[in-house]
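Notes follow the structure.
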Amino acid sequence: MSLANSLRTVCLLLVASAAFAADAPLSSYFPPSEGQGGWRTLLPESGEPNSEQKAKILQLTGCDWDKLEEAWRHNASAPGATGLIVIRKGHVVAEWYRDCDRTKTFNIYSSSKSYTSTAFGLILADFGNSPLPSGKKLTLDTKVCNADWIPESLPLSDPRKSEITVRNLLNMASGIGPEPVPQKLPFESALGHLADSPFAKLKGDPGTVFNYSNAGVSHLVLLFNHAQGSDLFPFLKQRLLDPIGMQRIEWQKIGGEGGIGPYNQGYSGIFTNPREHARFCYLALHKGEWAGKRIVPGSYYDFAWTPSSVSKTYGGQWWTYSDLPEAPADLVQTRGKDNNDGWVCPSLDLVIVRLGDGTQFPKDFKKDLTLKLLAAVDK
């Protein structure tokens, strides 16, 4: 065989191998709860893996542990307590904690939004769900600032709010602004009912502009309570958290004290640890299936992970990596303040969670951490 033909054969084999890897099924493993043993791991009980253990990690999962350690050192360069866990093909291949242990819970801030969004994946008719307890159907295109769905929104502070749909709110395309929601009377402010509320007037017509809006998510909180007759956390605990074994998780409430609420914060306020948030991400990795049971409709993730018409990097309360050419096309993220993040990549059978309480980070910290983590994983 000529050298040219040999090279051609090798190239074809490499292409075929890559295609097989892309089509390879996800791991069928699902972890028991932490109280019953938790995630399976390829790591020693303490210390870093030896050369044989590193070789086993590479053989079974295609992960270079030394390169993952480089990513950890980058993460540890920022101050604060922090934890980082990497799960490839259902195995914990890397896990570190600094100034805390695996049980330490952190406020995951805006990563909570992905939980709120998933709750809507469990009740919207678009994803094959039955009518709500009231007998009504709620869809992505239902207009919600009215007496039927969010009666607290009346009277409307801007007539254009009558056109806001569930889709607009999930896509951050409602026209509601990005200003901070105050701690006092948060829902009243988000609805634009306070004299000094920055949310009284929309920043643009619904469906035409992107604003990363906690006030918009506050609308989703009120909508969920009216639609389902339950707050977010107790509903998700029964329908999702308990079935996948999430035990160390709390969701703070806001409002009340003479005002609307108190209700689960929706846009922030979940306290959990890296191993537990990894369960939520692992459920998403399998598009809502857990140990042979359908927990969340798979079509929900197709919606939530597709960038909207107003943002190439944001879907339905999940971030995409459309602006990072080096990343796999299907890499998505729960993203919280101060880099409290979870990465999900189905094509790589990969879940990563980084949580912490630090507040000072180098420029491009998130991007550099993402690239260092991906560089340690075979494609």
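Which one of these does Ser134 not meet: (1) more than 30 Å from Ala291 (Cβ to Cβ); (2) among the hydroxyl-bearing types (Ser, Thr, Tyr); (3) under 22 Å from the mean Cα position of the chain (by Cα)?
Of everything listed in (1) more than 30 Å from Ala291 (Cβ to Cβ); (2) among the hydroxyl-bearing types (Ser, Thr, Tyr); (3) under 22 Å from the mean Cα position of the chain (by Cα), Ser134 misses just condition (3).
Being without any contact (Cβ under 8 Å) to a residue 60 or more places away in the chain and open to solvent by less than 10 Å² (accessible area, probe 1.4 Å): is that true of Phe224 here? Full working, then the answer.
Numbers: without any contact (Cβ under 8 Å) to a residue 60 or more places away in the chain: no; open to solvent by less than 10 Å² (accessible area, probe 1.4 Å): yes.
No, not satisfied.
Here's the yes/no breakdown for (1) within 11 Å of the chain's Cα centre (by Cα); (2) closer than 21 Å to Gly83 by Cβ; (3) open to solvent by 30 Å² or more (accessible area, probe 1.4 Å):
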residue: Ser309; (1), (2), (3): no, no, yes
residue: Ala327; (1), (2), (3): no, no, no
residue: Gly336; (1), (2), (3): yes, yes, no
residue: Lys367; (1), (2), (3): no, yes, yes
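Looking at (1) closer than 21 Å to Asn339 by Cα; (2) in contact (Cβ under 8 Å) with a residue 24 or more places away in the chain; (3) not basic (Lys, Arg), which is the one condition that is false for Ala76?
Only one criterion is unmet by Ala76, namely (2).
Among the listed residues Leu348, Leu285, identify the single one that is among the aliphatic types (A, V, I, L, M) and under 21 Å from Glu70 (Cα atoms). Break it down into steps so the answer makes sense when it comes.
Working: Leu285 fails: under 21 Å from Glu70 (Cα atoms).
After applying the criteria, what remains is Leu348.
Looking at region 122-141, can you tell me whether even one residue there is more than 15 Å from Gly316 (Cα to Cα), out of contact with any Lys or Arg (no Cβ under 8 Å at 6 or more places or on another chain) and among the acidic types (Asp, Glu)? Before you say what the answer is, go through the steps one by one.
Taking region 122-141 and keeping what is more than 15 Å from Gly316 (Cα to Cα), we get 125, 128-138.
Next, from what is left, pick out any that are out of contact with any Lys or Arg (no Cβ under 8 Å at 6 or more places or on another chain): 128-130, 132-138.
Right, trim to among the acidic types (Asp, Glu) and you get none.
Checking region 122-141: not a single residue is more than 15 Å from Gly316 (Cα to Cα), out of contact with any Lys or Arg (no Cβ under 8 Å at 6 or more places or on another chain) and among the acidic types (Asp, Glu).
If a residue counts only when it is farther than 22 Å from Leu140 by Cα and touching a helix residue (DSSP H, G or I) at 6+ places or on another chain (Cβ under 9 Å), which helices (runs of 4 or more DSSP H) contained entirely in region 227-341 have at least 3 such residues?
On the way: elements: 232-236, 274-285, 298-304.
Result: 274-285.
Just name the residue that is farthest from Gly177 (Cα to Cα) out of those in region 188-221 that are open to solvent by 20 Å² or more (accessible area, probe 1.4 Å) and aromatic (Phe, Trp, Tyr). Steps first, answer last, please.
Pass one, region 188-221, residues open to solvent by 20 Å² or more (accessible area, probe 1.4 Å): 188, 193-196, 198, 200-201, 203, 205-212, 214.
After this cut, where a residue has to be aromatic (Phe, Trp, Tyr) as well, the list is 210, 212.
Working: Phe210: 9, Tyr212: 7 Å.
For region 188-221, the residue satisfying everything is Phe210.
Taking region 33-52 only, how many residues are surrounded by 15 or more Cβ atoms within 10 Å (Cβ to Cβ), assigned to a helix (DSSP H, G or I) and not charged (D, E, K, R)?
Residues that pass the stated criteria total 0.
Restricting to region 133-145, name every residue that is within 17 Å of Leu170 (Cβ to Cβ) and surrounded by fewer than 23 Cβ atoms within 10 Å (Cβ to Cβ).
Once the filter is applied, which keeps residues that are within 17 Å of Leu170 (Cβ to Cβ) and surrounded by fewer than 23 Cβ atoms within 10 Å (Cβ to Cβ), region 133-145 yields Lys137, Thr139, Leu140, Asp141, Thr142, Lys143.
Consider only pairs whose beta carbons are under 8 Å apart and that are at least six residues apart or on different chains; among these, list those whose first residue lies in region 146-170 and is in a helix (DSSP H, G or I) and surrounded by 15 or more Cβ atoms within 10 Å (Cβ to Cβ) and whose second residue is at pLDDT 95 or above and among the acidic types (Asp, Glu).
Final answer for the pair search is Arg160/Asp205; Glu163/Asp205; Val166/Asp141; Arg167/Asp141.
Taking region 103-132 as the region of interest, how many residues are in a loop (DSSP other than H, G, I, E, B), charged (D, E, K, R) and surrounded by 24 or more Cβ atoms within 10 Å (Cβ to Cβ)? Working first, answer last.
We begin by selecting, within region 103-132, every residue in a loop (DSSP other than H, G, I, E, B); these are 103-105, 108, 122-124, 128-132.
Filter once more, so that each one left must be charged (D, E, K, R): 104.
Imposing the further condition that a residue be surrounded by 24 or more Cβ atoms within 10 Å (Cβ to Cβ) reduces the set to none.
Total meeting the criteria: 0.
Mind listing just one residue for me: the one in region 243-271 that is aliphatic (A, V, I, L, M) and touching a strand residue (DSSP E or B) at 6+ places or on another chain (Cβ under 9 Å) and, of those, surrounded by the most Cβ atoms within 10 Å (Cβ to Cβ)? Spell out how you get there, then give the answer.
Applying the first criterion (aliphatic (A, V, I, L, M)) to region 243-271 yields 244, 246, 249, 254, 260, 270.
Going one step further and asking which of them are touching a strand residue (DSSP E or B) at 6+ places or on another chain (Cβ under 9 Å), we end up with 244, 246, 249, 254, 270.
Numbers: Ile244: 19, Met246: 21, Ile249: 20, Ile254: 25, Ile270: 32.
Filtering region 243-271 for residues that are aliphatic (A, V, I, L, M) and touching a strand residue (DSSP E or B) at 6+ places or on another chain (Cβ under 9 Å), the one surrounded by the most Cβ atoms within 10 Å (Cβ to Cβ) comes out as Ile270.
Restricting attention to region 80-95, does a residue exist that is open to solvent by 40 Å² or more (accessible area, probe 1.4 Å) and in contact with a helix residue (DSSP H, G or I) (Cβ under 9 Å, 6 or more places away or on another chain)? Can you show your working first?
Step one: list which residues in region 80-95 are open to solvent by 40 Å² or more (accessible area, probe 1.4 Å), which gives 89.
Within this subset, residues satisfying the condition of being in contact with a helix residue (DSSP H, G or I) (Cβ under 9 Å, 6 or more places away or on another chain) are 89.
Looking through region 80-95, at least one residue is open to solvent by 40 Å² or more (accessible area, probe 1.4 Å) and in contact with a helix residue (DSSP H, G or I) (Cβ under 9 Å, 6 or more places away or on another chain).
The values are calculated or read from the model by the stated rules, or taken from the named source; none is laboratory data. The shown structure was predicted, so the numbers you read here are calculated from the model rather than taken from an experiment. When we count neighbours, we look across all protein chains shown, and the Cβ atoms used for this are built from the backbone with ideal geometry, even at glycine. The protein model used for the area step is the full one, side chains on, heavy atoms only, and it has no ligands, DNA or RNA in it. Shrake-Rupley method; radii C 1.70, N 1.55, O 1.52, S 1.80 Å.
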